[in-house]
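Remarks on the structure that follows.
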Amino acid sequence: MKSDREFSILLFQSIHQVMRAENIISKNGCNYQIIPVPSEYSSECGMCIEIDSLNTSSIISELQKYNIEPKVVKR
Amino acid sequence: MNLYFDNSATSFPKPPEVEIYIREYLLQGGTYGRGAYNRVFLASKRVEETRNLISNIIGTGLNSNILFTFNSTSALNTVIKGFNYKKGRVLISPLEHNAVCRPLQHLKNLGVIEFDILPHCSDGLVDLISSKSIEFDQYDLVIVNHTSNVNGVIQPVSEIKEMIGSTPLLLDASQSVGKTEIRVDDWSIDYLALTAHKGLMGPTGVGALFVRNSDSLSPFIHGGTGSLSESFEMPEHLPDKFEAGTPNILGIYGLYGAITANTERQYSWTSFISLLKELNKLRNLKLLAANNADYQSDVFSIKPLVQSVSDLSRVLYQNYGIETRSGLHCSPLAHQTLGTFPDGTVRFSLSKYHTDNDLEFLLNCLVKENEKR
Ligand SMILES: Cc1ncc(COP(=O)(O)O)c(C=O)c1O
């Protein structure tokens, strides 16, 4: 059965930003997964964060509080 | 009994947590970034946690501006050689280490800069009153060794920064970090270099640089960062701009262990100060320490008056097992300032693991040696 969940991918400038964001998202209690950066999007760095699309805006506004501005792509 | 008195060279013993975390990394593996499996995630997370611990220790909220280096020397070189000099003049404190003097001399030989020395008191403490007449805006950069590795003098950093105004300050915190309070944000410090293996009691091969304004420096080392890999140019963002190449992850794990161990000093400061007072009474041994105990760290030197420094260091080791370092301690400028150049001194530097008993033993041995002459 095909899942109808949609995911967003958060892309960061540096691994340092990925780790800061992961720390914040994990405390928020949302589901997320650390995955390799899909090559169709970027060569930016090894890791990015995949989240449920439904949570995108709340997570983004939380990250903004810490001056973290990832690039968001929908999958 | 702990007779290792060369902690300014490198601390020993290390807190047990250093070994625990180094072992954890050896069993776990994984590089920093540059992949997305769990091993990499865990290693990268630990590196970032350690970066945060360092930012707390030096008193800054700018944790992205903490850059891992391989020691203080590479951190100091990053600033000194990456700085964009417009006036070609640098001002340094009188107790600088060769980690500062040699890169400066190199730039001087190339015709890039000249450097001058701040006025000072007899113990090398920067003389704030005499310094008032200096036109600091004639200088590109001021460099201050926070704590001397020769006589333990702690410079009044916040007063110095206040005095020099907007001229950038590079603080060499090699000997002070982990021992003396550092507040880079409150003191408006522009650059700070530190090393993990001395006062922080971590392993060798790790250091850090704090850079307030990263546009002011060009990278010292160019290479892979795992970011913006399509470009031959270094990234402009922090920390990647200054972190080319795989960091010393093993060492960073050890540093994490050292910092989180939170080791308490076992000897009392009063005992240390009274040790210095007793040593000051000895006729054949000249004590080199701060004139005012408020500016004293846990390092001091002795100049024997009737034997050579190498003989005293050797006798202390052979007769009592006391480990010290004699000579110039890579700081010819400090010894020139203190009048102990070119022979140098015998240096004693403490660890948090020393006890009052160790200090008493040291005093008794030095008293005995003083009486033999
Ligand atoms: C004042 C000072 N600056 C710089 C250094 C260099 O430290 P590292 O050898 O870890 O680069 C030392 C260590 O000897 C030092 O005492």
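The values are calculated or read from the model by the stated rules, or taken from the named source; none is laboratory data. Just so we're clear, the structure is a prediction, and the values are computed from it rather than from any experiment. Here the Cβ is made from the backbone with ideal geometry for all residues, glycine too, and neighbour counts use every protein chain on show.
Restricting B:T355, B:T270 to those that are of a type in the set (V, I, T), free of Cβ contacts under 8 Å to residues at least 12 places away in the same chain and surrounded by fewer than 20 Cβ atoms within 10 Å (Cβ to Cβ) reduces the list to B:T270. For the condition modelled with pLDDT of 95 or more, closer than 25 Å to B:D186 by Cα, within 12 Å of the ligand (Cβ to nearest atom) and more than 14 Å from every other protein chain (Cβ to nearest Cβ), B:T147 qualifies.
Residue pairs whose Cβ atoms lie under 6 Å apart, sitting 6 or more positions apart in sequence or on different chains, and linking a residue in region A:22-36 that is away from chain B (no Cβ under 13 Å) and in a loop (DSSP other than H, G, I, E, B) to a partner that is of a type outside the set (S, T, N, Q) and surrounded by 14 or more Cβ atoms within 10 Å (Cβ to Cβ), are A:N31/A:D52. B:L171 satisfies every condition listed in (1) without any contact (Cβ under 8 Å) to a residue 60 or more places away in the chain; (2) more than 12 Å from the ligand (Cβ to nearest atom) except (2).
Annotation: of all residues in region B:210-252 being acidic (D, E) and within 12 Å of another protein chain (Cβ to nearest Cβ), the one that is surrounded by the fewest Cβ atoms within 10 Å (Cβ to Cβ) is B:E230. Can you spot a residue in region B:233-242 that is under 16 Å from B:R51 (Cβ atoms) and either small (G, A, S) or within 15 Å of the ligand (Cβ to nearest atom) (or both)? Scanning region B:233-242 turns up no residue that is under 16 Å from B:R51 (Cβ atoms) and either small (G, A, S) or within 15 Å of the ligand (Cβ to nearest atom) (or both). The set of residues in region B:182-201 being within 16 Å of the ligand (Cβ to nearest atom) and within 30 Å of B:E19 (Cα to Cα) consists of B:I182, B:L192, B:A193, B:L194, B:T195, B:A196, B:H197, B:K198, B:G199, B:L200, B:M201.
Being on the phi > 0 side of the Ramachandran plot and not assigned by the TED database to the domain that holds B:L276, is that true of even one residue in region B:141-150? No, every residue in region B:141-150 fails to be on the phi > 0 side of the Ramachandran plot and not assigned by the TED database to the domain that holds B:L276. Being within 22 Å of the chain's Cα centre (by Cα), surrounded by 22 or more Cβ atoms within 10 Å (Cβ to Cβ) and within 30 Å of B:V157 (Cα to Cα) is a property that B:T337 has. Applying the set (1) without any contact (Cβ under 8 Å) to a residue 60 or more places away in the chain; (2) under 22 Å from B:G152 (Cα atoms) to B:L192 leaves exactly one unmet item: (1).
Scanning region B:26-52 for residues that are at negative phi and among the charged types (D, E, K, R) returns B:R39, B:K45, B:R46, B:E48, B:E49, B:R51.
Region B:288-373 holds helices (runs of 4 or more DSSP H) entirely within its bounds, and those carrying 2 or more residues that are more than 15 Å from the ligand (Cβ to nearest atom) and polar (S, T, N, Q) map to B:309-320, B:356-372.
Region B:21-127 holds helices (runs of 4 or more DSSP H) entirely within its bounds, and those carrying 3 or more residues that are within 15 Å of the ligand (Cβ to nearest atom) map to B:72-82, B:98-109. Criterion first (at pLDDT below 95 and either among the hydroxyl-bearing types (S, T, Y) or farther than 17 Å from B:L228 by Cβ (or both)) does A:E6 satisfy it? Judged against the criteria, A:E6 is a match. Checking each residue in region B:1-35 for being within 10 Å of chain A (Cβ to nearest Cβ) and surrounded by 19 or more Cβ atoms within 10 Å (Cβ to Cβ) picks out B:Y32, B:G33, B:G35. The numbered conditions (1) surrounded by fewer than 19 Cβ atoms within 10 Å (Cβ to Cβ); (2) away from the ligand (no atom under 14 Å from the Cβ); (3) at pLDDT 95 or above are all true for B:T204 except (2).
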